[in-house]
Amino acid sequence: MGAAGLDYIDLTLEPPGAASWRLDISAVRAALERHSLRVVGHTAPYLPVASPMDGLRTAAIEEFRRCLQVFHAVGASWMNIHPGIAQMHDWRYSINRNVESLRELLADAQGCGMGVMVENTPGHFNTANELGELLEPLPELGLHLDIGHTNLMTPCNTEGEILAAFAPRLKHVHFHDNRGGNMDLHLALGAGNINIRESVRLLKHSGYDGTITLEVFASDTNHLLYSRDVLRKLWDSV
């Protein structure tokens, strides 16, 4: 990523290879410094942050706390969290469990000078109203906007409405393409049906000028490098 001229890495702490309890913090810091890269913290999307079972929710909180410590040690300022759903319970119960967990983690993050941001997820937390259930009661909570997700499991792309409601809370962006529906394909920009130019226009119009992760999943890194070039060209021209 340093050789590709990128500005930072989106470091995901997930086992087995990048488990929070086995990461070589010194090696990561050295690599970041060697390539002049900053870092943004990304956590596993499957942690049961809203579980109705106290033992599972507590275990998830402890893992997030460990992630906070690792991210702080490698120089990150923000860590994301994917909100969860409490299976077999109603919407309000899920909201309350998420808010309870996020409130605990925000206190921990503030103690080490970091911020916590919530990422929009397809199916449940992917509209302005749904995200507002978490952002409004927690004014110190940041927004992590995944533009690929805004095109999934929804009649129309929700990027515009989310930015209209919460652009001042935006701390980080994920950008990738897909073909709608429920398949989170993480394609190169332009390989799906997202209007990439319009997405960039909305983002710039909102006043955002922070970090953007190209969350492109491909074994051939040319897909990532192509997306890098597309984004830079559009950012400069739109």
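Quick note: the coordinates plus some simple rules give every number you see, no bench work behind them. Values in this document were obtained by computation on a predicted structure and should not be read as measured data. Note that we place each Cβ from the backbone using ideal geometry, even for glycine, and neighbour counts take in every protein chain shown.
If you sort the three axes of the alpha carbon gyration tensor as a ≥ b ≥ c, you get a/c of 1.5 or more for the chain and a/b no higher than b/c, which makes it oblate. Backbone amide hydrogens, once placed in the peptide plane, bring ILE9 within less than 5 Å of ARG38, VAL39, VAL40, excluding anything fewer than 5 places away on its chain.
Shape call for the stretch 17-101 from the C-alpha gyration tensor, a ≥ b ≥ c root eigenvalues: rounded (a/c under 1.5), prolate (a/b greater than b/c) or oblate? Cα axes put the stretch 17-101 in the prolate bin.
Each Cα pair under 8 Å and six or more residues apart adds its sequence gap; the mean of these over the residue count of the chain is a relative contact order of 13 percent. Residues whose amide H lies under 5 Å from that of GLY115, counting only those 5 or more places away or on a different chain, are TRP78, MET79; hydrogens are built 1.01 Å from N in the peptide plane.
If you take the Cα centroid of the stretch 77-140 and the Cα centroid of the stretch 163-180, the two points sit 16 Å apart.
Simple spin-label estimate for TYR46 and ASN182 gives 1.7 nm between the two label positions (7 Å along the Cα-to-Cβ direction from each Cα).
Averaged over residues, the count of other Cβ atoms within 10 Å places the peptides 145-155, 104-114 in the sequence 145-155, 104-114, highest first. Considering only LEU102, LEU68, LEU32, the mean-square fluctuation computed in a Gaussian network model of the chain, springs between alpha carbons under 10 angstrom, is largest for LEU32.
Between ARG103 and SER36, the modelled labels are 4.5 nm apart [label points 7 Å from Cα along Cα→Cβ].
Packing, as the average of other Cβ atoms within 10 Å across residues, places the peptides 218-224, 11-17, 200-206 in the order 200-206, 11-17, 218-224, highest first.
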